[in-house]
Amino acid sequence: MASYVYLPVPTPELLKAAVGLEEKLNLQNPGSCHGTRRNNALKGLAKWNNRRGGHGCLAGIGADDTLYVVIHGSGLSGMEKAGADRNAASEVLKRADNIKRPLTAIDDLVDDGPAPEWKTYTAKHLAKTMRKEGLPTSHRLIELLACGGGFTDNAFGRVQELTLAEQQIRTHFEPEIQDALPKHRDALGARVAPRVQATLAPIIARHQRMDARPNLKSSFGERFYDALLELGYAGVRVHAYKGDVKPGVVTALDGAAAQAFTIMTSHLANTQTSYHPDQAGLRVTYGYPH
């Protein structure tokens, strides 16, 4: 059985991750990974033209091969879309985060990074795209390497998400407050609350959308699996993960150094910790074992 890597959005950043994933897969089983599949056209008519006549990038993948789908997820419950920024690269300066600008700042930070150009997929859209790319309906195993693809909605997760977001903002500004003169610290501290509110507002809005749309209470991985079933992939099995997926990353974690990917998560510990993907409670399987 061979393995393949698929990049729905082949950005330089994810291409680099795919190379690392290929290397790790071939370390585990020499010669097993047959490379990365992607549509060489980023958008539009050229992408459609590449798929004509059964020549999509996923055509010819065997029923018993393993397909690793590498795409960014939010890492949060109720994840609506997965995708990637076509302008993102590890070498490129990121756009400014004005929520984190200094408390004493009058003006916003200079927004001198490249404008993001996000290409995103709902779970159903991703499944349909893979069908258009020629993935045979006989295919049986997909590893969905999207951060948070296995998270479902739950009350504890919502509270933890809001709590962690507030902690991150307050921790970010604590050095600035402590470095100020004592007489200015209370005034600076009072300026943190609006930044916290601005940080929590989109999270609360997403929770409200989850309440309004019951399907968002299930995980992205489950919605992706359901969409594949609707398209005729009757025997498919999808693995998704409860945490941030790190494909091809070298890790010193005992027993995981040779793993093709690891999972970073805080819901099994008080801090972000790397875990072997077989760690109990991290992998979620949709579909029946073959």
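Among the residues of the range 156-184, those that are closer than 22 Å to PHE220 by Cα and either aliphatic (A, V, I, L, M) or crowded, with 16+ Cβ neighbours inside 10 Å (or both) comprise GLY157, ARG158, VAL159, GLU161, LEU162, LEU164, ALA165. Would a scan of the range 190-203 turn up a residue that is in contact with a Phe, Trp or Tyr (Cβ under 8 Å, 6 or more places away or on another chain) and β-branched (Val, Ile, Thr)? Yes - at least one qualifying residue is present in the range 190-203. Taken over the range 203-237, the criterion of being part of a loop (DSSP other than H, G, I, E, B) and touching a residue at least 24 places away in the same chain (Cβ under 8 Å) is satisfied by SER218, SER219, LEU231, GLY232, TYR233, ALA234, GLY235, VAL236. Taken over the range 128-155, the criterion of being buried (at least 21 other Cβ atoms within 10 Å of the Cβ) and either charged (D, E, K, R) or farther than 21 Å from PRO247 by Cα (or both) is satisfied by GLU133, LEU135, HIS139, GLU143.
Quick test for you: out of GLY134, GLY113, pick the one residue that is at pLDDT 90 or above, over 22 Å from HIS207 (Cβ atoms) and in a loop (DSSP other than H, G, I, E, B).
Going through GLY134, GLY113 in turn, just one is at pLDDT 90 or above, over 22 Å from HIS207 (Cβ atoms) and in a loop (DSSP other than H, G, I, E, B): GLY134.
The values are calculated or read from the model by the stated rules, or taken from the named source; none is laboratory data. Note that the structure is a prediction, hence the values are computed from the model and not measured. For neighbour counting, all protein chains shown are included, and Cβ atoms are generated from backbone atoms with ideal geometry for every residue, glycine included.
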